[in-house]
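Enquirer: Let me give you the structure first, and then I'll get to my questions.
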């Protein structure tokens, strides 16, 4: 492969190699949701809207959840819990920080869960190794 790792990560959803996560940990594969097209993000937003209860405000975790939040806003309702979204959950720390900052009723959705998630978060897809740490919540899909 002639591409460098950074160029490859922008063009491909999954990139094998060693990467440093937002949390500071080392990952053996990068999941780069910037590689998803706007049409793919819109399709995921519609899947989320069909999956979770009606929601009001939408908050995207910077940077990965911002595009998804923008696609979800037109699908929101006048009232309901705040929906917090992100592209990839590794430790869940960013989602928990956002939850604390909003208070009140919140629901969370991530596109991919690499690690265990809290019961208020719904991953669309997950790493099979993450499932044993899950309590009270199953992913929408494992495919």
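Please treat every number below as a calculation from the coordinates, not as lab data. Given the structure is predicted, the values throughout are model-derived calculations rather than measurements. Cβ atoms come from the backbone with ideal geometry, glycine included; neighbour counts cover every protein chain shown.
Enquirer: For the ranges 77-84, 15-22, what's the packing order if you count other beta-carbon atoms within 10 Å of each residue, average per peptide, and put the highest first?
Expert: Values: 77-84: 16.5, 15-22: 13.4.
For the peptides 77-84, 15-22, the packing ranking is 77-84, 15-22.
Enquirer: Got a sec? How would 12, 59 order by Cβ neighbour count within 10 Å, fewest to most? If you can, show how the numbers build up before the last one.
Expert: Numbers: 12 14, 59 20.
Going from least to most buried by this count: 12, 59.
Enquirer: For segment 37-133, rounded, prolate or oblate, judged on the Cα gyration tensor with a ≥ b ≥ c (square roots of eigenvalues), a/c < 1.5 rounded, else prolate if a/b > b/c? Could you put the intermediate results ahead of the total?
Expert: Details: a/c = 1.64, a/b = 1.21, b/c = 1.35.
Oblate, because a/c is 1.5 or more while a/b does not exceed b/c.
Enquirer: Then there is this: Quick one: which of 94-103, 109-118, 62-71 comes out on top by average Cβ neighbours within 10 Å, and what's the full order, highest first?
Expert: Top to bottom by mean Cβ count within 10 Å: 109-118, 62-71, 94-103.
Enquirer: Most exposed first by the Cβ proxy, i.e. fewest other Cβ within 10 Å, how do 87, 34 rank?
Expert: On the way: 87 22, 34 12.
Taking fewest neighbouring Cβ atoms as first place, the list is 34, 87.
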